[in-house]
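Worksheet: the structure to be examined is printed underneath.
The values are calculated or read from the model by the stated rules, or taken from the named source; none is laboratory data. Predicted model, so just to flag it, every value in this text is computed and none were measured. Positions of Cβ are backbone-derived with ideal geometry, glycine not excepted, and every protein chain shown enters the neighbour counts.
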Amino acid sequence: MLLSVTASPGVRALTLTFNDRVLAVHLYAKTAYMAAVARGVERVINDEELKHAAWLLTRLMDRLGAAVRSRYYTYTGPVEVLDNAVRYRPYVSPTSTAEVVLSGGTARVVAGDYRRKFRTRVDVAGVLRRYLDHLQKY
């Protein structure tokens with residue numbers, strides 16, 4: 001599984017790829033496009049919790065990018081589902097990765113000397129797990 005998070009000044013996006021299936025969440029201004037796509041079939045999703053989780057994850061990656069002085073706007077890396085968490089290891093530069101562990105209402109971030117823990121009202125890991133299950137069944 002691969003997760004790409006785009007945190008540019010105007011566009012925020014999350015793309016989760018699982019085999020030949022994709023979950024796309026694109027946030028621009030006050031509009032949102034969210035869909036699951038597989039084998040040429042698109043299913044539009046209208047889920048405020050997914051929208052909020054994507055916004056939080058893009059904001060987190062924006063902060064991480066600024067902290068490690070990354071020039072990237074899109075952070076791509078493997079994602080794995082653990083017992084009660086989701087681990088994401090995005091590239092933050094051509095030669096280094098960070099580790100983001102999402103669990104419940106927290107996110108632990110480690111990138112070199114940078115270590116932070118963030119709290120959220122939304123269980124971002126739970127939302128990602130739910131949509132990973134959705135993609136597997138799709």
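Side notes on the structure shown:
- Only residues that are closer than 22 Å to residue 23 by Cβ, of a type in the set (Gly, Ala, Ser) and either touching a Leu at 6+ places or on another chain (Cβ under 9 Å) or part of a strand (DSSP E or B) (or both) were counted in the stretch 93-125, giving 4.
- Sole residue being among the charged types (D, E, K, R) and more than 20 Å from residue 19 (Cα to Cα), chosen from 63, 129: 63
- Restricted to the stretch 1-33, and to residues there that are modelled with pLDDT under 95 and of a type in the set (Phe, Trp, Tyr), the residue that is farthest from residue 86 (Cα to Cα) is 28.
- Filter result (of a type in the set (Phe, Trp, Tyr) and either under 17 Å from residue 77 (Cβ atoms) or out of contact with any His (no Cβ under 9 Å at 6 or more places or on another chain) (or both)) within the stretch 9-38: 18, 28
- Whichever residue in the stretch 4-59 is of a type in the set (A, V, I, L, M) and farther than 27 Å from residue 70 by Cβ and, among such residues, is farthest from the chain's Cα centre (by Cα): 41
- Residue match in the stretch 21-31 (condition: farther than 19 Å from residue 114 by Cβ, outside any loop (DSSP other than H, G, I, E, B) and charged (D, E, K, R)): yes
- Residue check for residue 89: of a type outside the set (Asp, Glu) and under 22 Å from residue 17 (Cα atoms): yes
- For residue 10, the conditions (1) surrounded by fewer than 17 Cβ atoms within 10 Å (Cβ to Cβ); (2) closer than 27 Å to residue 134 by Cα are fulfilled apart from (2).
- A residue that is under 27 Å from residue 30 (Cα atoms), out of contact with any Phe, Trp or Tyr (no Cβ under 7 Å at 6 or more places or on another chain) and surrounded by fewer than 16 Cβ atoms within 10 Å (Cβ to Cβ) can be found somewhere in the stretch 108-125.
- Residue in the stretch 33-51 that is farthest from residue 120 (Cα to Cα), counting only those that are surrounded by 13 or more Cβ atoms within 10 Å (Cβ to Cβ) and among the acidic types (Asp, Glu): 47
- Residue 96 meets the conditions (1) more than 20 Å from residue 15 (Cβ to Cβ); (2) touching a strand residue (DSSP E or B) at 6+ places or on another chain (Cβ under 6 Å); (3) of a type in the set (Gly, Ala, Ser) in every case but one. The failed one is (2).
- Condition met for residue 53 (part of a strand (DSSP E or B) and farther than 18 Å from residue 98 by Cα): no
For every residue, the table says whether it meets (1) among the basic types (Lys, Arg); (2) under 20 Å from residue 15 (Cβ atoms); (3) at pLDDT below 95; (4) surrounded by 15 or more Cβ atoms within 10 Å (Cβ to Cβ).
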position: 66; (1), (2), (3), (4): no, no, yes, no
position: 70; (1), (2), (3), (4): no, yes, yes, yes
position: 73; (1), (2), (3), (4): no, yes, yes, yes
position: 83; (1), (2), (3), (4): no, no, yes, no
position: 87; (1), (2), (3), (4): yes, yes, no, yes
position: 90; (1), (2), (3), (4): no, yes, no, yes
position: 100; (1), (2), (3), (4): no, yes, no, yes
position: 104; (1), (2), (3), (4): no, no, yes, no
